[in-house]
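Bear in mind that the values in this text are calculations on the coordinates, not laboratory data. Here the structure is a predicted model, which is why all the values come from computation and not from measurement. Counting neighbours? That spans all protein chains shown, and the Cβs are built from the backbone with ideal geometry, glycine included.
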Amino acid sequence: MRKNVAVVLVGLSLVLTACSGDSSTPADSVSQPSEQPAGFDGDTSTSDEATATCKSGAPREGDTLKVVTSVSPLTSLAGTLAAGTGIEVTGLVPEGTNSHTFEPPPSVAKELAEADLVVVNGLGLEDPILEMAAANMKDGAVLCEVGTAVILRSEWIFDFSFPQEAGRPNPHAWTNPPSVLSYLTVIRDAMTQMLPSTIQVVDENYVKVSKLINDLDAAMITATDTVPVRNRKLLTYHDSFPYTARRYGYEIIGAIQPQSFSDPTPADVASLIKQVKDEQVPAVFGSEVFPSPVLEQIGKEAGVRYVDTLRDDDLPGEVDDPEHSWGGLMRYDFVTIVEALGGDASALKAVEVDLGIKDKAYYPQ
Ligand SMILES: [Zn+2]
């Protein structure tokens with residue numbers, strides 16, 4: 001427990017540092033890269049460049065800024081920071097879409113061509129969008145791969161769905177609140193460097209979101225303490241929670257979706273059924289975007305509950321609902337996990353995700 005508290009305190013000090021008004025070295029303050037975050041397939045140029053340009057957007061004339069984002073959790077974070085300013089945030093990946101295989105339509109090229117700042121997760125998630133960005137972004141526009149900028153190579157997680165030999169780590173760092181605090185800092189600094197007149201309003205929004213991040217983190221630690229230790233095991237279909245599991249002490253006993261996003265082999269299924277029985281986990285988890293008859297079969301044959309409602313980057317509720325937000329997504333997923341594994345999620349349910357901020361973001365449907 002002491003270790004957890006210490007990490008939370010580190011997170012809080014990061015917020016305080018980031019709010020100190022020194023926005024000249026944003027990425028340095030979060031990543032301290034003794035190891036440079038690097039790119040994929042042996043080509044380090046793309047993401048090194050992205051990390052650098054993320055820090056060096058030149059101030060713009062006027063009082064508007066067009067920001068384009070990829071997946072909805074990033075759209076929510078950027079849109080909430082932008083509330084009350086002339087910054088406009090437009091998401092590109094429709095909710096309920098498989099973001100890992102999303103092929104951008106021509107309309108995305110137009111959005112990228114008009115953007116002043118493009119915010120993507122990186123870590124190999126949106127390569128087709130990055131290709132289109134490289135071909136279409138205007139001079140002086142900034143590309144910011146936030147995940148690649150803040151998750152060090154030594155922190156990357158490889159697994160069954162994202163194997164090391166393919167060179168791309170598991171990209172789902174946005175489901176881990178402490179990582180998201182770093183995401184938020186990078187996005188805030190990129191925005192306010194390009195449009196300095198927004199610093200005060202964006203900072204006010206930043207403080208509210210960073211408090212929510214710390215509240216969710218503390219509540220997940222509290223709630224996890226109520227989950228029997230033998231139950232702190234995750235078998236998921238789509239592998240969205242490896243960074244979360246490492247943070248809160250859950251063991252990933254398996255993820256089912258192969259790298260190809262096809263179904264696993266019968267031999268893989270048989271061995272997972274045996275593993276679920278042997279480890280006596282109370283539940284296995286599917287997700288809304290990836291309905292999985294295979295996982296349902298594993299649950300049935302192993303005699304455990306199949307929970308098929310976890311969300312990856314598809315925000316809960318309707319656009320304009322307070323829970324249609326990054327915070328709403330995390331609270332929903334964490335409550336679902338904790339309760340299905342036999343814990344008490346009341347600390348998580350008590351976290352207020354309605355920040356009283358109407359995000360300034362467009363979510364494609
Ligand atoms: Zn995913």
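Relative protection proxy for 110-119, 290-299, from highest mean packing down: 110-119, 290-299 (other beta-carbon atoms within 10 angstrom).
Where does the range 226-349 land on Rg(C-alpha)/(2.2 N^0.38 Å)?
Working: Rg = 14.3 Å, N = 124, 2.2 N^0.38 = 13.7 Å.
Here the Cα radius of gyration is 1.04 times the empirical estimate.
Remark on THR90: its backbone amide H falls under 5 Å from those of VAL67, VAL68, THR69, TYR362, a criterion applied only to residues 5 or more positions apart or on other chains, H modelled at 1.01 Å from N. The overall shape of the range 52-134 is prolate: from the C-alpha gyration tensor, with semi-axes ordered a ≥ b ≥ c, the ratio a/c is 1.5 or greater and a/b exceeds b/c. As a rough footprinting exposure proxy, the listed residues TYR362, TYR183 were ranked by other beta carbons within 10 Å of their own, and the order from fewest upward is TYR362, TYR183. Loop-located chymotrypsin sites (Phe, Trp or Tyr not before Pro) in the range 186-284 (DSSP state not H, G, I, E or B) with no more than 16 neighbouring Cβ atoms inside 10 Å: PHE261.
Where nothing but the Cβ of Lys and Arg (+1) and of Asp and Glu (-1) is charged, how large is the charge dipole of the range 226-349 around its Cα centre, in debye to the nearest 20?
In total the dipole reaches around 700 debye.
Rounded to the nearest 0.05, the FRET efficiency derived from the C-beta distance between LEU152 and ASP320 at R0 = 45 Å is 0.80. The slack between ASP268 and GLU61, meaning 0.36 nm per residue of separation minus the straight C-alpha distance, is 68.8 nm. With R₀ fixed at 45 Å, the C-beta to C-beta distance from SER260 to ASP203 puts the FRET efficiency at about 0.55. Taking a straight line from the alpha carbon of LYS110, these lysines sit under 17 Å away, with near neighbours fewer than eight places off in the same chain left out: LYS66, LYS138.
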